[in-house]
Amino acid sequence: MQDWFDVAEKIETRTLAAAGKAGIDQAAFSAEARPADPRFGDVQVNGALPYAKRLKANPREIAQKIVDELAKDEAVTDVAELSIAGPGFINFRFKPSFYLDWLNDFSTESVYREAAAKLYAGERVVVDYGSPNTAKQMHVGHIRSIVIGEAICRLLEFCGADVTRDNHIGDWGTPYGKLFYAYKRHLDPDALKADPLGELERLYKLGSQLASDDKAVLEESRQELVQLQDGKPESMKLWETVNQLSIQGLKEVYDQLDVTYDCYLGESFYRDRVDLVYKELEECQLAEESNGALVVFHPEHKRYAEQPFIIRKSDGASNYATTDLATMLYRHEHFKATRIIIVTDDRQKDHFEQLDLTTAKWFEKTGRTRPAFDHVMFGKINGDDGKPIKSRSGDPIRLKDLISEAIERAHTVVKEKNSDLPEEELQLIAETVGISSIKYADLSSNRTSDYVFSWEKLLSFEGNTAPYLLYAATRIQSIFRKLDPSDLENLEARASVFETGEEIALARKIVEFVGALQITIDTLRPHMLSGYLYELAGAFSGFYAANKVIVEDDGQKARRLILCQRALLALKIGLSLLGIKTLERM
RNA sequence: GUCCUCGUAGUUCAAUGGAUAGAGCACCGGUUUCCGAAACCGGUAAUCCGGGUUCGAAUCCCGGCGAGGGCACCA
């Protein structure tokens, strides 16, 4: 049974074998299995159609030959009914006993984990996400990278990859001159202690203001920057302080979002590694002088033949292309990454395409193995007016304010629905519901699209929302609270086979977890998993409304309890992969 | 100008080239002596336009129209 974890893969192997026995050229036949329309079956294979087309044969006859062979394969006939429909679709409909066997085998998180861990075993992935600037508060624009990046890390880890979470913070560069100028003259130590990022941000804004009002201040700020870039001990010490306070402030928000990084290797970390980039790219003859800058063109590319990748500015300074190249090298050499994933907004698409092209040529010419590279990009979060959301004052909404508001709103909603909860528990529930709702709103939208942010929608208990999923989980747990311990003994032995449409629909949906996981990780699109979880919760709710669980008939009760347990298991695993905690009650 | 990401019910979102395009909200109707009705069941309603490829197109290609974004030293 273990090899049925991924039912699509299993069916593909068996179908391909059957096709071979039926005299079909296996190389020309696609046995790709996909979820079928429930009216026709559970899994379908369409390969007979294109195959027949190429041979100018009748697709139904081809399908029939394959089905005739499959019908001799007990591994298949023991678990599924076969049929041919329409122009030549081969449909597999699993027997209710198959679902029961599957659910009995895949009954705990560790069994799921063990089965899934084969998918990416041996992969070493560095995921670069979050990446805010230091000395500034994070705002709503940072949330997608954090939330999507974290989900991708969890998914990859679950599938067996060795993941390094790297926060590539913007901790170096021109803003520091103005910040240091203001820091030395206008620091409020109490405010710094209470809210480091808030105070640093205030100082930076103040410094900018003063510098634009007064040329003397501007000049002093420049001197501050020069001293920092020259590595003057006093400047470096102040920089260290600012950096450390910044990371401390960032971590407060990451803690709330349940995100922990392995390292914070920001731009400053690479500042001594850029000279090697210039040197190697020039030696490889990839980089050339243009208008005083050092740039890379890609003559074979329709756009980057003309649009330069600037790796050294005409004033001799590095920019983010340089540090990103140095970062690619470091991740290859130090982390031995087989894959690098960078999660940023879609405006940086060109930059990362150029980075990837340049790295490919650079590594090839220097005999290095290039890690696979993915730029996981995402769209904007808009307000009701279709424009990027802003606070009433027109400034970006601070991330910590967004989180606080989510918790407050969740508190109100949960209290309204369940007034019996003690205040202390209510507060904890509100935190989980509020934060989950924000995260889930993001993860349930296709990342490449913009989406409209709506408090009403994301905190609703209806539709594809965190509260709906969390509610489904709490209802299941509520059933278990009502049972005697003896009700849960030897469930597998007591259970009778599924009968009702709702039972089978729910069982089928649970088994689909694997396919949902697969497509989510293949495409790095968490909304695929979220869509699945919504369907799973819906299948449970439909089952729950129509089939009483705690009934007299012991076989019926046992099989329904199995469904409840495994539905909860799949929900919990799926939500945790998205970075969302479940609740006992709400 | 050029390139990119998009364009799906009134609205907010789905749909790995597969069968009758699927949900939430809104609107209309139904379900509770019974495990949490924060729920469930049913109904009305959509692929921007025009070509093409394909056995099969919301999806791929070409041309329009519309929105947002990138395109020489910000990241």
Worksheet entry | Where N is the number of residues in the range A:175-257, Cα Rg divided by 2.2 N^0.38 Å | 1.12
Worksheet item: Mean separation of Cα pairs under 8 Å and 6+ residues apart, divided by the residue count of the range A:399-577: what relative contact order is that in percent?
Response: 23 percent
Fill in: Scattering curve values for the range A:264-318, log₁₀ I(q)/I(0), Debye with Cα scatterers, q = 0.17 Å⁻¹
-0.58
Discussion item. Give me a comma-separated list of calculated 3J(HN,Hα) values for the range A:538-548, in order, Karplus coefficients 6.51, -1.76, 1.60 applied at θ = phi - 60°, integers in Hz, x for any Gly or Pro.
Written reply: x, 5, 5, 4, x, 4, 4, 6, 9, 10, 5
Practice prompt. Give me A:Lys509, A:Lys178, A:Lys237, A:Lys380 ranked fewest to most by other Cβ atoms within 10 Å of their Cβ, as a rough exposure proxy.
Written response: A:Lys237, A:Lys380, A:Lys509, A:Lys178
Fill in: Rounded to 10°, Cα long-axis angle of helix A:215-229 versus longest principal axis of chain A
60 degrees
Discussion item. Charges on Cβ only, +1 for Lys and Arg, -1 for Asp and Glu, centred on the Cα centroid of chain A; of A:Ser445, A:Thr260, A:Ser478, which one is farthest towards the dipole's positive end?
Written reply: A:Ser445
Response to the item:
Per the Cα gyration tensor, the range A:399-577 corresponds to an equivalent ellipsoid with semi-axes, largest first in Å, of 31, 22, 12
Practice prompt. Take the alpha-carbon centre of the range A:453-480, take the same for the range A:134-201, and report the distance between them in whole Å.
Written response: 31 Å
Worksheet item: Under a 5 Å amide H to amide H cut-off, with H placed in plane at 1.01 Å, what residues pair with A:Val452 once short-range neighbours are removed?
Response: A:Asn382
Fill in: Residue pairs, from the table A:Lys302/A:Lys439; A:Lys251/A:Lys509; A:Lys184/A:Lys349; A:Lys136/A:Lys457, whose Cα atoms sit over 32 Å apart
A:Lys302/A:Lys439; A:Lys251/A:Lys509; A:Lys184/A:Lys349
Worksheet item: Which angle from 0 to 90°, rounded to the nearest 10, does the C-alpha axis of helix A:466-481 make with the longest principal axis of chain A?
Response: 50 degrees
Worksheet, complete the sentence: Within the under-14-Å Cβ sphere about A:Ser221, not counting A:Ser221, Lys/Arg +1 and Asp/Glu -1 give a net charge of +1
Discussion item. Suppose only helical runs count, i.e. DSSP H with n ≥ 4. What mean residue ellipticity at 222 nm does that imply for chain A under -39500 (n - 2.57) per run, divided by all residues and rounded to the nearest 500 deg cm²/dmol?
Written reply: -17500 deg cm²/dmol
Item to complete: List the relative contact order of the range A:2-94 as a percent without decimals, with contacts defined as Cα pairs under 8 Å and 6+ residues apart.
Response: 28 percent
Worksheet item: Using the alpha-carbon centroid of each, what span in Å lies between the range A:533-551 and the range A:1-52?
Response: 30 Å
Fill in: Which of A:Met377, A:Met138, A:Met236 has the fewest Cβ neighbours within 10 Å, and the rest in rising order
A:Met236, A:Met377, A:Met138
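So, counting K/R as plus one and D/E as minus one, what does the shell of residues with Cβ under 10 Å around A:Leu294 add up to?
Here the count lands on -1.
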Practice prompt. Equivalent ellipsoid semi-axes for the range A:18-79, as square roots of 5 times the alpha carbon gyration tensor eigenvalues: give them largest first, rounded to whole Å.
Written response: 19, 15, 10
Response to the item:
Relative contact order of chain A (C-alpha contacts under 8 Å, at least 6 apart) in percent is 13 percent
Response to the item:
Restricted to chain A, the DSSP antiparallel beta bridge percent, nearest 5, is 50 percent
Practice prompt. Could you pull out every residue, at least 5 positions away or on a different chain, whose amide H is within less than 5 Å of the one on A:Glu81? Hs are placed 1.01 Å off N in the peptide plane, and Pro or chain starts have none.
Written response: A:Arg93, A:Phe94, A:Lys95
Discussion item. Using amide H atoms built in the peptide plane, which far-off residues or other-chain residues are under 5 Å from A:Met138 H to H?
Written reply: A:Leu399
Worksheet entry | Positive dipole terminus of the range A:357-474, leading residue within A:Ile389, A:Thr432, A:Met377 (C-beta point charges) | A:Met377
Item to complete: Take the alpha-carbon positions of chain A, form their convex hull, and give its projected area averaged over all directions (one quarter of the hull surface) in nm².
Response: 32.9 nm²
Worksheet item: What angle do you read, to the nearest 10 degrees and between 0 and 90, between the alpha-carbon axis of helix A:513-523 and the longest principal axis of chain A?
Response: 30 degrees
Worksheet item: Between the range A:398-433 and the range A:246-311, what is the C-alpha centre distance in whole Å?
Response: 41 Å
Discussion item. How big is the dipole moment of the range A:273-426 about its Cα centre under a simple scheme where the beta carbon of each Lys and Arg is +1, that of each Asp and Glu is -1, and everything else is neutral? Debye, nearest 20, please.
Written reply: 320 debye
Discussion item. If I take the Cα coordinates of the range A:263-405 and project them onto the principal axes, what are the three extents in Å, biggest first?
Written reply: 53, 35, 28
Worksheet item: Taking neighbour Cβ counts within 10 Å as the exposure measure, how do A:Arg113, A:Arg447, A:Arg14 sort from fewest upward?
Response: A:Arg113, A:Arg14, A:Arg447
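FYI, it's all coordinate maths here, none of it is from the lab. Predicted model, so just to flag it, every value in this text is computed and none were measured. Positions of Cβ are generated from backbone atoms using ideal geometry, with glycine treated the same way; all protein chains shown enter the neighbour counts.
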